[in-house]
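The structure appears right after this line, and notes come after that.
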Amino acid sequence: PQASHSGSISYATLKRREALCNREAGHGGQNIVVSGNKLCFINKGYVQEWRLDEGNEHSGMRRMVHMASVDQDIEDGGWRAEDIINLSTSTWMDEDGAAEVTRGLRPDCVRPVDFATPSSVGYLPGSRFAFANSSSEGIHFSNGQLTIMDSELRELTRLVGFGSGGVEVVQRPTFEKLGDDSTLVASDESTVKIFDLRTGRAELTIRQRCENSTPVYVGCGKFVCNRLSNGAMLWDLRAQKPLYNLPIQSDVTWIPGDTNGKPPILVSGYDMYKFGRCRDLMSDQEKIWEEENATFKWARCEEKRGGNCSIM
């Protein structure tokens, strides 16, 4: 049934809002997105926006009080009333009885949206975004779609063909620095797909179980680094074949493609992997240790290659 007059909210809209709230309860995801000069916070079917300008700059001051002497601490700090919150409406404190009373900035805009909080977000050329697992039909949500959004978080198109277990996209999923704005890399629990954003089609499918896939470029060559449960595998997109395994036990953070020669691979956990090393700077014992360690890690990767893999 619809509302009898224009000022009321329809039953379908109410059910939609309820579905978005229920979705957020167990979905989790990437709540914060930076769009141009705005910071956006997505939660339960709403977006709060703050302009990233001088008027919204935070001083960085943390105004801390102790719960046993709140008024005295505020007076001693000389803080203005408009810069602090009223603790009568918020009784949060840490294990030592201290609490922060700094008032945050109000959002410049709060508006409803018709999508759930994405599980991951890719930043695309042209101030666009790729939202993973946030789309829906009615009150039913899909874990197998990648929604392309514009800078105002309006849906442009959807990329489909993923499994129901969900899709994953890294923050920089294109080859933008090579001048290629239309190739996007995304993955699900069993495949990696290389999409052409101009057509919305998957031009290439790598069948391999992985956690995520990161675009890599060396010179003019395009590669993807698939993060496996027990390492990583680098694929050559031009030759359409895997190159080698890497004994990486954490997510690939960055692979600088504009370096001369073979670039280093930076991973979370403060580790860096290089292609080769200046061995003349190492002691004999260091060389022996490195060779033994590399042999051990390589053997583990070769034993557990992540199952059968193929390219389509």
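The values are calculated or read from the model by the stated rules, or taken from the named source; none is laboratory data. This is a predicted model, so every value here is computed, not measured. A quick note on method: Cβ atoms are made from the backbone with ideal geometry, for glycine too, and the neighbour counts reach across all protein chains shown. Ligands, DNA and RNA are stripped out before the accessible areas are found, and what is left, the full protein with its side chains, is counted by its heavy atoms. Shrake-Rupley method; radii C 1.70, N 1.55, O 1.52, S 1.80 Å.
Please report, as a whole percent, how much of the solvent-accessible surface of region 163-233 comes from carbon and sulfur atoms (probe radius 1.4 Å).
Of all accessible area on region 163-233, carbon and sulfur atoms account for 41 percent.
Give the long-range amide H neighbours of L204: residues separated by 5 or more places, or on another chain, with amide H under 5 Å away, using H modelled in the peptide plane at 1.01 Å from N.
I194
A 25 angstrom limit on the alpha carbon distance is what I want to check against. Which of K38/K193; K193/K241; K38/K222 exceed it? Could you put the intermediate results ahead of the total?
Values: K38/K193 30 Å; K193/K241 14 Å; K38/K222 32 Å.
Violating the 25 Å limit, Cα to Cα: K38/K193; K38/K222.
Going by average Cβ density within 10 Å per residue, which order do the peptides 57-70, 187-200 take, highest to lowest?
Averaged packing, sorted descending, gives the order 187-200, 57-70.
HN-Hα J couplings of region 158-173 from phi, Karplus 6.51/-1.76/1.60, θ = phi - 60°, integer Hz, Gly and Pro as x?
10, 9, 10, x, 9, x, 6, x, x, 10, 10, 9, 7, 5, 10, x
Could you tell me how far the Cα centroid of region 106-120 sits from the Cα centroid of region 44-85, in Å?
Taking the Cα centre of each part, region 44-85 and region 106-120 sit 23 Å apart.
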